[in-house]
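Values quoted throughout were computed directly from the atomic coordinates according to the rules given, and no laboratory measurement underlies them. All figures in this text were calculated on a predicted structure; none of them were measured in a lab. No Cβ is skipped: glycine too gets one built from the backbone with ideal geometry, and neighbour counts run over all protein chains shown.
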Amino acid sequence: MRTPPSDIILIGPVRAGKSTLGRLLSEELGWPQVSLDDARWNYYREIGYDDTLAQTFRQQGGFLALVLYWQQFDAHAIERVLSEHSGCVFDFGAGAGASESLESLARVQKVLAPYPNVFLLLPSANREESLQILKARDDQPPADLRFDFNRRFLERGIYHRLAKHTVLTEGKSPEETRDEILNLVVQ
């Protein structure tokens, strides 16, 4: 029987497969899956997140304004979710950690530094090919989305700075990708 690895953290752009692979890894390992997209709201509120203000930003500036508002709370949410949970498979939302703020990025890098199993999921090693595949997978983007977040995330290279491993998913079944991740995990 193999020794269980330390926590597994999945990061990547919108529609990279983080939630699907998180579920498959969780089932295979018998570990809880913790989705930052679900858990973050209480952590956000701990430091002043305001739903009404968020909706005002969205109404006035669209989905981009909302995401920029969220980003100021992401580092705290990542720190908190990792401090409260262990022995888990974490799937971080697409923008988690990919802040425009260098201070927030430094905080996320610091909190992820001791975690050896931070996996970046991408369809392809080629950025443009990945962007095309991800766009094709996103069949219902927010109606007020007028910004290519995936392009911004990938061009800035933030995910590569946070990840310890990159796993390419195109042409593989989710189960094949799960097994590849399990073969790469550090005990």
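Which of the residues spanning the range 42-59 are hydroxyl-bearing (Ser, Thr, Tyr) and either buried (at least 16 other Cβ atoms within 10 Å of the Cβ) or part of a loop (DSSP other than H, G, I, E, B) (or both)? Once the filter is applied, which keeps residues that are hydroxyl-bearing (Ser, Thr, Tyr) and either buried (at least 16 other Cβ atoms within 10 Å of the Cβ) or part of a loop (DSSP other than H, G, I, E, B) (or both), the range 42-59 yields TYR43, TYR44, TYR49.
It is to be established whether one or more residues within the range 119-127 are buried (at least 21 other Cβ atoms within 10 Å of the Cβ), touching a His at 6+ places or on another chain (Cβ under 8 Å) and not charged (D, E, K, R). Scanning the range 119-127, I find at least one residue that is buried (at least 21 other Cβ atoms within 10 Å of the Cβ), touching a His at 6+ places or on another chain (Cβ under 8 Å) and not charged (D, E, K, R), so the answer is yes. Restricting the first member to the range 142-164 and to residues that are farther than 18 Å from LEU131 by Cβ and touching a residue at least 60 places away in the same chain (Cβ under 8 Å), and the second to residues that are in a helix (DSSP H, G or I) and among the aliphatic types (A, V, I, L, M), the beta-carbon pairs closer than 6 Å and six or more apart or on different chains are LEU162/LEU112.
ARG178 fulfils the conditions (1) out of contact with any Asp or Glu (no Cβ under 8 Å at 6 or more places or on another chain); (2) among the basic types (Lys, Arg); (3) under 21 Å from VAL34 (Cα atoms) except for a single criterion, (1). Quickly run through the range 82-105 and pick out the residues that are of a type outside the set (Asp, Glu), surrounded by fewer than 19 Cβ atoms within 10 Å (Cβ to Cβ) and farther than 21 Å from PHE149 by Cβ. Answer for the range 82-105, where residues must be of a type outside the set (Asp, Glu), surrounded by fewer than 19 Cβ atoms within 10 Å (Cβ to Cβ) and farther than 21 Å from PHE149 by Cβ: SER83, HIS85, SER86, GLY87.
Considering every residue within the range 3-17, establish whether at least one is more than 16 Å from the chain's Cα centre (by Cα), in a loop (DSSP other than H, G, I, E, B) and free of Cβ contacts under 8 Å to residues at least 24 places away in the same chain. Within the range 3-17 (the criterion being more than 16 Å from the chain's Cα centre (by Cα), in a loop (DSSP other than H, G, I, E, B) and free of Cβ contacts under 8 Å to residues at least 24 places away in the same chain), the answer is no, since none of the residues qualifies.
Do we find that ALA143 is outside any helix (DSSP H, G or I) and either surrounded by fewer than 21 Cβ atoms within 10 Å (Cβ to Cβ) or of a type in the set (Gly, Ala, Ser) (or both) in this structure? Here the answer is yes, as ALA143 does meet what is asked. Looking across the range 83-130, just one residue is among the polar types (S, T, N, Q), under 14 Å from the mean Cα position of the chain (by Cα) and part of a helix (DSSP H, G or I), and that is GLN109.
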